[in-house]
1. Quick one: is residue 39 more than 30 Å from residue 227 (Cα to Cα), under 16 Å from the mean Cα position of the chain (by Cα) and more than 10 Å from the ligand (Cβ to nearest atom)?
2. Find all pairs meeting these conditions: Cβ atoms under 8 angstrom apart; at least six residues apart or on different chains; first residue within the stretch 60-79 and among the polar types (S, T, N, Q); second residue near the ligand (Cβ under 10 Å from one of its atoms).
3. Restricted to the stretch 168-183, and to residues that are out of contact with any Lys or Arg (no Cβ under 9 Å at 6 or more places or on another chain) and not acidic (Asp, Glu), which residue is surrounded by the most Cβ atoms within 10 Å (Cβ to Cβ)?
4. Go through (1) under 23 Å from the mean Cα position of the chain (by Cα); (2) within 14 Å of residue 86 (Cβ to Cβ) for residue 274 and report which single condition fails.
5. Here are 252, 229, 233: which of them is farther than 22 Å from residue 112 by Cα and crowded, with 16+ Cβ neighbours inside 10 Å?
6. Out of everything in the stretch 255-271 that is more than 25 Å from residue 72 (Cα to Cα) and in contact with a helix residue (DSSP H, G or I) (Cβ under 8 Å, 6 or more places away or on another chain), what residue ends up being surrounded by the most Cβ atoms within 10 Å (Cβ to Cβ)?
7. So which residues in the stretch 136-153 are crowded, with 17+ Cβ neighbours inside 10 Å and not in a strand (DSSP E or B), if there are any at all?
Amino acid sequence: MTLTWLDPERLALLRCPKTGGALTVEGDALVTADGARRWPSRHGLACLYEDEQVVGNDRLMRTIYNSLPALHDPATRVLTPIMQGISEHGIRRGFLPRLELERLSPRSDRPIRILEVGIGGGANLPYLQRALPPGLPVEIWGVDLSHGMLKQCQRRLERQSLPPTCLMMVDAHELPFVDGAFDRVFHVGAIGNYSHPDRALAEMARVAQPGSPIVVVDEELDLSQRQSLYYRLWFKALTFYDDQPHAPVAALPPSAQDIRLTHLSRFYYCMSFRVPV
Ligand SMILES: C[S@@+](CC[C@H](N)C(=O)[O-])C[C@H]1O[C@@H](n2cnc3c(N)ncnc32)[C@H](O)[C@@H]1O
């Protein structure tokens, strides 16, 4: 049984990505109340996207991530200093303050909920854990298109003592969660390859608690620094799928406020915003 972790409280967070209706568990599938939509688990994971909707770069990236899931995290660790002259730690530690985790306080009705869109192998989880206020009851949700990367994340969760984390196969363009479900929402490292960054940003904004910071990190060459041919070639190789990798400020929802854009490293921007209460 793959869905035993979906207790009624967690189930109440979910909604059918197509109809918006509530979901119930039937064996290894999630089903709408009227039975019209059925979402069978795949690869032992809850799955809430249709295969046919994954097209273009999204499909290419899913194939790449599914082919080499065990390589992603070690390659990032080794290659980041070679490519950018900064450690992976430096970049991951750099975006955490923007999540304002220190402002979170315990709730009486439920744990604090944090969503990572495109969680991959879960490399951000130890950083989150260290940055959270000690003793705060937290539940992390991680969604990703790639079952290979989610399996890597499951292995990490088995090996390391990390906060409770719920993993699901989901397309960032259609998050299967009710409005305002999460106290914090963040994304690291893929929105530049999404078919519709505007839709993904609107979805992140919808499922975040109004007023909470939403943090997005991805590739853009920092032109305020001198970028030699060496760095430009690495950047081109890293972003081969995109003609003009850039922070998608223009794709933010019209209601976005408190928009901040900075660079964490030569190749990575950090964009944060909120939607009003
Ligand atoms: C570069 S990895 C980053 C993983 C993790 N966030 C990290 O910081 O290590 C990008 C992840 O985004 C996932 N991804 C790509 N397109 C996606 C989409 N449309 N919806 C959900 N996940 C997606 C990939 O499968 C991959 O696991």
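Laboratory data are not the source of any read-out in this text; all were calculated from the coordinates shown. Being a predicted model, the structure only gives us computed values, none of them experimental. Every residue, glycine as well, gets a Cβ built from its backbone with ideal geometry; the counts of neighbours run over all protein chains shown.
1. Details: more than 30 Å from residue 227 (Cα to Cα): yes; under 16 Å from the mean Cα position of the chain (by Cα): no; more than 10 Å from the ligand (Cβ to nearest atom): yes.
Spelling it out, it is not the case that residue 39 is more than 30 Å from residue 227 (Cα to Cα), under 16 Å from the mean Cα position of the chain (by Cα) and more than 10 Å from the ligand (Cβ to nearest atom).
2. Going by the 8 Å Cβ cut-off, the qualifying pairs are 66/146; 66/147; 66/148; 66/149; 67/148; 76/88; 76/123.
3. Among those residues, the one meeting the criterion is 170.
4. (2)
5. Details: 229 fails: crowded, with 16+ Cβ neighbours inside 10 Å; 233 fails: crowded, with 16+ Cβ neighbours inside 10 Å.
After applying the criteria, what remains is 252.
6. 256
7. Step one: filter the stretch 136-153 for residues crowded, with 17+ Cβ neighbours inside 10 Å, giving 138-153.
145, 146, 147, 148, 149, 150, 151, 152, 153, listed by residue number.
Results for (1) more than 10 Å from the ligand (Cβ to nearest atom); (2) within 17 Å of the chain's Cα centre (by Cα); (3) touching a residue at least 40 places away in the same chain (Cβ under 8 Å), shown as yes or no for each residue.
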residue: 48; (1), (2), (3): yes, yes, yes
residue: 98; (1), (2), (3): yes, yes, yes
residue: 102; (1), (2), (3): yes, no, no
residue: 121; (1), (2), (3): no, yes, yes
residue: 159; (1), (2), (3): yes, no, no
